[in-house]
Ligand SMILES: [Zn+2]
C-alpha cells in the first residue's frame, strides 16, 4: 500500500446532524438517572429512522449541574471504525469539551456515563481511562439480542 496524506491526519468522529438538531430541543438539564436514561434511549430510538448506526445511545453528564456534556451514537459504519461504539464516542468527546483528558481530575465535577446498552468487551477500558466515576446502563446484551441486535461476544461484563 502506498503512503497517503490520510495516514497522517488525526482520527476524528462526527455525530450525525440529527443529534444536534434533537439535543437543542431538549431541556438542558437532567436531574435524575431516569431523565438521563430517557435522553439516551431517545437517541437510540432515533438512530432507527435516520439509519445512522445501531440502535444505541449514550451520554456523559456532569452531576453537579446535571447537564449533558457529550452524547454518543453508534458511528461504526459511518466512520469506518470498529471502535466507534456509543460509549467510546461519548468518552472521546467529553474530555475535549471539558478541557482535560481526565474527567476524574482533582477539581473536576463528578461525571456519569449513561448508556442504553451494556458495555462490550472493548469499552470498559476507555471508560476507566476517562476518569468517569459513575456508569448507568440500560439494556443487557440479551435484551438487545431478543429484538434482533447482536454486537457480538461480550467477554468483559457479567
Ligand atoms: Zn463497546
Only residues in the stretch 86-97 that are under 14 Å from residue 122 (Cα atoms) count as the first member; pair them with residues that are near the ligand (Cβ under 10 Å from one of its atoms) and assigned to a helix (DSSP H, G or I), Cβ under 7 angstrom, at least 6 apart or cross-chain, and list the lot. 87/123; 87/126; 87/127; 88/123; 88/126; 91/126; 91/127
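Condition check ((1) in contact with a helix residue (DSSP H, G or I) (Cβ under 7 Å, 6 or more places away or on another chain); (2) free of Cβ contacts under 8 Å to residues at least 40 places away in the same chain) across all residues:
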| site | (1), (2) |
| --- | --- |
| 14 | no, no |
| 18 | yes, yes |
| 25 | no, yes |
| 38 | no, yes |
| 46 | yes, yes |
| 66 | no, yes |
| 84 | yes, no |
Against the conditions (1) without any contact (Cβ under 8 Å) to a residue 40 or more places away in the chain; (2) outside any helix (DSSP H, G or I); (3) within 16 Å of the ligand (Cβ to nearest atom); (4) closer than 24 Å to residue 24 by Cβ, where does residue 136 fall short? Just the number, please. (1)
For the stretch 50-75, which positions are out of contact with any strand residue (DSSP E or B) (no Cβ under 7 Å at 6 or more places or on another chain), modelled with pLDDT of 90 or more and within 16 Å of the ligand (Cβ to nearest atom)? 74, 75
I'd like to verify a number: residues in the stretch 104-122 that are free of Cβ contacts under 8 Å to residues at least 60 places away in the same chain and crowded, with 23+ Cβ neighbours inside 10 Å, how many? 3
If we ask which residues in the stretch 76-118 are touching a strand residue (DSSP E or B) at 6+ places or on another chain (Cβ under 7 Å) and in a loop (DSSP other than H, G, I, E, B), their number turns out to be 4
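The values are calculated or read from the model by the stated rules, or taken from the named source; none is laboratory data. It should be emphasised that the depicted structure is a prediction, and the values quoted were computed from it without experimental measurement. A quick note on method: Cβ atoms are made from the backbone with ideal geometry, for glycine too, and the neighbour counts reach across all protein chains shown.
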